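Just below is one structure, and these are the notes that go with it.
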Amino acid sequence: MVKIRSIEYGLYPRSEHVRLSISKWERNALDHNSLGKLMDAEKKEILRFFNRYGIDFYTDPLINWQDILRMVASLTLDTPFEKISRYRETNTFYRQPLIETYPRLGEIREDESTPDSHLPGSMYISDNSDHYMYFLPGIESFVNMSNISKELKRERVLDSLLEIYLDLIKKHGMERLLLFEPYPDAYLYEGNSDIFSSAQVFYVRYGLTDNSFSKNRDARPFSLIASNEKEFKVAARRSEVPGIALMNGQNTYLEDPEKLRESAIKISSSLKLDECFVTHTEYFDFLPHVIADKKIQILGKVGE
Amino acid sequence: MKSDILITQEIGSFRKPQYLSSVFRKTSGSELTKLKEKATLETLDLFNRAGLDNIGVAGEMYRWEMYEHVAASLEGIEFYGPVRSFDNRYYRKGSVVSQVKRKNSFHDDELSFIMRNATRKIKLPITGPYTMADWSFNEHYRDKRDLALAFADILNEEIRHLYGIWSKSRSDIFEVQIDEPAATTHPSEMDLVVESVNRSIEGINGCEFSIHVCYSTDYGMLFENGSELKLQGYNLEFANRDTNELGTGSDHRKAFAELKRYWDIDSTKFIGIGVTDVHVDYIEPVQLIEDRIKYAIDAIRDPGKIRVNPDCGLRTRSREVGFAKLKNMVDAVKEIRKEY
C-alpha cells in the first residue's frame, strides 16, 4: 500500500485579529514589540493547529512576511520596495525588490520594520517537531521576480543569494527546508545542488520537465513537488519521495479527502512508488482564513 | 487656451473619511446614507478645489470596495472572508455557489445623488464582468466563460437601469467606465474579456464607454484585442512603472513607450494616461507630470485624444495625499494647455 503523507507550505492567511493588529501598528496605535509578540504567538498557535489535524510536514506560516520575498529581501538588500507587481496570474500583488548592489546578509532590525519592508516578529518560529520545515523562496524566482540593475551580472546575483541561503540554513539549523520556485528559469540553477545537500529539501518547482535538469543532471532534492500528474513523473525520477499538488489552493471548493487520497494512490501505484506527498497548488494565503482552516482538516485526512 | 483637451479625471475610489469608514460595515439604512452623502459632498468639494474636469462619482463613498459592492447586490454569491490584495490590504472575494442574479441596483442611489450635486462632468465606474468572474471563486458554473457571461448579462441590466435614471433629466452623454483590472491577468483569456465586456454594453445607446485596466504586464495584448472592444476609450495606469526622473525623451519615459505602439494599432479610441502613482505617498512634482503628458502628446499627436488621470483609485492614500496628487495633476495640465 502506498504511503501518503501531507504537506502544507507557504504564507497562511492572517486571522482577523492579526489583520486588525497590523492596521493598528500602521497607525502607530500598537508598538513594534507588542505586534512582534502577537505574531510569534499566532504562529505557534497555527503550528499547533497543523499538528492537531495531522499534517505531516508544514512550514512556518509566515504571517509577518507580507509576500514570499519580502522578509529575505529586507535582510539582503539596501534599497526600499516600491513597485507593486502582480504575482503570477492572480489578483494578489507583491512589492518588487530593486537589486542595485549584490545582495549580502544583514540583520533584521525590529525598529526598521515598516509596512513596506517586513512586519515585527520572528522570521521563523519553529515548534522543534519532526514536522516543521523552514521556508525560502527559490533563488531563481527571487531573481526573476526582482528588478535588477543593468550594472549587475545576473549570475553573480544568483551566487550571492546562494551564499546567503547557505548561511541562513546554517544560522537557523535548518534540518528540513521547503524551497518554493513559482518563477523558475528554463534550467535549474546549479547552485541549488548545494542547497539540496545542506538540508532535507522539499522543492516546489512549477513547470517541471526533465529538460529543467539537463544542465544539472545530478541535482536531487529529497522531494520534488509537481503541480500535475505529468510533472509528477519527472518528480518521481528526480527525487527520493515525489509530491503532487492535488488540492486546489485557489478555490473555496472543499475537496473530498478520500478522493484526493485515492488519486494519490492511483498515480503513485502507476509509477510503482512506495510513497508520495500530497499538497496544494499555491500557498493558502489566496483563500479566506476559514476555508484554509477547513482545507487543512481535509489535507490532514489525506495523509492518514 | 483650449480647455477641452487633456480632460482631467479621476479613476474611481478615494479614501473615505474616518467617520464613514469606521461605521460603514456596522451601520445601515438612513443613518449610513446620510454619512455617505456627507462624505460624497466633502469629496466633491475636494475634487472641485483640485480643479478636476470630471469628478467621477466623487470618490465612491457609497461603495466599500469594487467587487464586494456589486456582489452584495447579487444572489448566488457567498462570502467566506477577506483575501489579500497586497501588504495588509484585503478585499472580500465571493464564492459563486449557485446561479447569479441581480437582486437590486448597485449604483442608482449614488448616481442620483451625484447628479443632483455635481456641476462638472460625471463618470460612473462599474466593475466589469470579466473582473467579477476572475475575482470570484467559482463553485457552480461549468467554466469561467459561463460565469463571465452571466455577469455580463447582469451588468447590461444594471447599465440600462442607470441610463434610464440619467436620461430622465440629462440630455448629454452618460459616461460609464467599465473597471476591468483583471483584464490582462490571463493572456490566454483576452477573447473572453472582449466577449464579456461587449456583451455587458450591448444594445445600450446614449453612453460613452471606457475601460479601466491597471498593473498589466503587457498593455500590448489589450491594444491588440482592443479594436474588437465596442467602447470609446481606455483609462490606464503608467506612473507605477515609470521613473521619477524629469525628461520627455524615450529614455526617461520608458513606461509610456506602449503609447506609440497603441497609436499604430487603434487610433479611434481616447486614452486616459495614469500620471500619478496611487501606491506611494510621493507627491509627483508638476514638472514630472508635465513631462509625462508631453511624452504622451508626442506619441499620440492629438491632445484631444488624451485624458489625464491617476493610475487607479486613490483609496489607499490619505485624503491629503490624494488631494495633493490630483492638484499637481491638474496644475500640470493647465500649464500645457497654455501652449494650445
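The values are calculated or read from the model by the stated rules, or taken from the named source; none is laboratory data. Computed from a predicted model, the values in this text were never measured in an experiment. Because the Cβ atoms are built from the backbone with ideal geometry, glycine has one as well, and the counts that use them run over all protein chains shown.
Evaluate segment A:286-304: report whether one residue or more is part of a loop (DSSP other than H, G, I, E, B), within 22 Å of the chain's Cα centre (by Cα) and aromatic (Phe, Trp, Tyr). Let's see the steps before the verdict.
Applying the first criterion (part of a loop (DSSP other than H, G, I, E, B)) to segment A:286-304 yields A:287-288, A:303-304.
Going one step further and asking which of them are within 22 Å of the chain's Cα centre (by Cα), we end up with A:287-288, A:303.
Filter once more, keeping what is aromatic (Phe, Trp, Tyr): none.
Checked segment A:286-304: no residue is part of a loop (DSSP other than H, G, I, E, B), within 22 Å of the chain's Cα centre (by Cα) and aromatic (Phe, Trp, Tyr).
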Please give the number of the condition B:Glu237 fails out of (1) surrounded by fewer than 23 Cβ atoms within 10 Å (Cβ to Cβ); (2) modelled with pLDDT under 95. (1)
Cβ pairs under 8 Å, 6+ apart, first in segment A:66-95 and within 12 Å of chain B (Cβ to nearest Cβ), second surrounded by fewer than 18 Cβ atoms within 10 Å (Cβ to Cβ) and assigned to a strand (DSSP E or B): A:Pro80/A:Leu98; A:Phe81/A:Leu98; A:Glu82/A:Leu98; A:Lys83/A:Leu98; A:Lys83/A:Asn147; A:Asn91/B:Ser85; A:Thr92/B:Ser85; A:Phe93/B:Ser85
Go through segment B:260-280 and give me each residue that's over 16 Å from B:Glu290 (Cα atoms) and of a type outside the set (D, E, K, R). B:Tyr262, B:Trp263, B:Ile265, B:Ser267, B:Thr268, B:Phe270, B:Ile271, B:Val278, B:His279, B:Val280
Checked segment B:62-107 for anything within 14 Å of chain A (Cβ to nearest Cβ), among the aliphatic types (A, V, I, L, M) and in a helix (DSSP H, G or I); matches are B:Met66, B:Ala71
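Working carefully through the options B:Ser200, B:Ser196, find the one that is among the small types (Gly, Ala, Ser), away from chain A (no Cβ under 14 Å), crowded, with 24+ Cβ neighbours inside 10 Å and touching a strand residue (DSSP E or B) at 6+ places or on another chain (Cβ under 8 Å). Reasoning before the result, please.
Values: B:Ser196 fails: touching a strand residue (DSSP E or B) at 6+ places or on another chain (Cβ under 8 Å).
The conditions single out B:Ser200.
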Looking only at residues in segment B:211-244 that are within 13 Å of chain A (Cβ to nearest Cβ) and over 17 Å from the mean Cα position of the chain (by Cα), which one is farthest from B:Pro285 (Cα to Cα)? B:Met221
Considering every residue within segment B:144-152, establish whether at least one is within 14 Å of another protein chain (Cβ to nearest Cβ), surrounded by fewer than 19 Cβ atoms within 10 Å (Cβ to Cβ) and more than 21 Å from B:Leu52 (Cβ to Cβ). yes
Hey, can you tell me all the residues within segment B:284-307 that are in a loop (DSSP other than H, G, I, E, B) and surrounded by fewer than 18 Cβ atoms within 10 Å (Cβ to Cβ)? B:Pro285, B:Arg301, B:Asp302
Name the residue that is surrounded by the most Cβ atoms within 10 Å (Cβ to Cβ), counting only residues in segment A:259-291 that are of a type in the set (Ser, Thr, Tyr) and more than 14 Å from every other protein chain (Cβ to nearest Cβ). A:Thr279
Can you pull out every residue in segment A:132-165 that is surrounded by 18 or more Cβ atoms within 10 Å (Cβ to Cβ), in contact with an Asp or Glu (Cβ under 8 Å, 6 or more places away or on another chain) and assigned to a loop (DSSP other than H, G, I, E, B)? A:Gly138
From (1) outside any loop (DSSP other than H, G, I, E, B); (2) out of contact with any strand residue (DSSP E or B) (no Cβ under 6 Å at 6 or more places or on another chain); (3) among the charged types (D, E, K, R), pick out the condition that doesn't hold for B:Asp251. (1)
Among the candidates A:Ser223, A:Ser193, A:Ser197, which residue alone is exposed (fewer than 15 other Cβ atoms within 10 Å of the Cβ), farther than 27 Å from A:Asp78 by Cα, at pLDDT 95 or above and of a type outside the set (A, V, I, L, M)? A:Ser197
Is one or more of the residues making up segment A:78-95 at pLDDT below 95, small (Gly, Ala, Ser) and surrounded by 17 or more Cβ atoms within 10 Å (Cβ to Cβ)? yes
